[in-house]
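Reading through the structure tokens given below for one structure.
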Amino acid sequence: MEFGIQLAAMEPARFRDLAQSIEGLGFDLVVFPDHIVLEGPERQYDPHALAHDTVSIAAMIAGATKKIRIGHLVLCTCFAIRR
């Protein structure tokens with residue numbers, strides 16, 4: 001059996017530190033949401049919630065860990081397209 005965890009809404013250094021701790025605990029996977037606006041479990045909206053670019057966060061995690069797999073729950077490439 002494999003175990004994973006989702007990380008969201010925190011400072012980049014905290015992402016890195018948690019991913020390293022999670023890897024040390026034996027987790028297999030860390031994933032990130034891809035939402036510009038993060039909502040809580042009751043669909044409440046906090047305009048001050050942190051929502052960093054998940055591709056950049058994933059790249060940082062890849063450089064800071066050795067074996068944990070990294071993924072995205074959803075990865076909408078349309079966010080990056082400029083017209």
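Just so it is clear, none of the values below were taken in a lab; they were calculated from the coordinates. For clarity, every value in this text was computed on a predicted model and none was experimentally measured. When we count neighbours, we look across all protein chains shown, and the Cβ atoms used for this are built from the backbone with ideal geometry, even at glycine.
What distance in nm lies between label points placed 7 Å from Cα along the C-beta direction at residue 10 and residue 69?
2.2
What does the charge add up to near residue 62, with Lys and Arg as +1, Asp and Glu as -1, over the other residues with Cβ less than 12 Å from its Cβ?
On the way: positive: 16, 66, 67, 69; negative: 23.
Neighbour charge sum, excluding residue 62 itself: +3.
Run the simple label-point estimate for residue 1 and residue 55 please: 7 Å along Cα→C-beta, distance reported in nm.
3.6
On a full-extension model of 0.36 nm per residue, what is the gain between residue 18 and residue 62, subtracting their alpha-carbon distance, rounded to one decimal in nm? If you can, show how the numbers build up before the last one.
Details: separation 44, 0.36 × 44 = 15.84 nm, distance 1.27 nm.
This chain segment gains 14.6 nm when fully extended.
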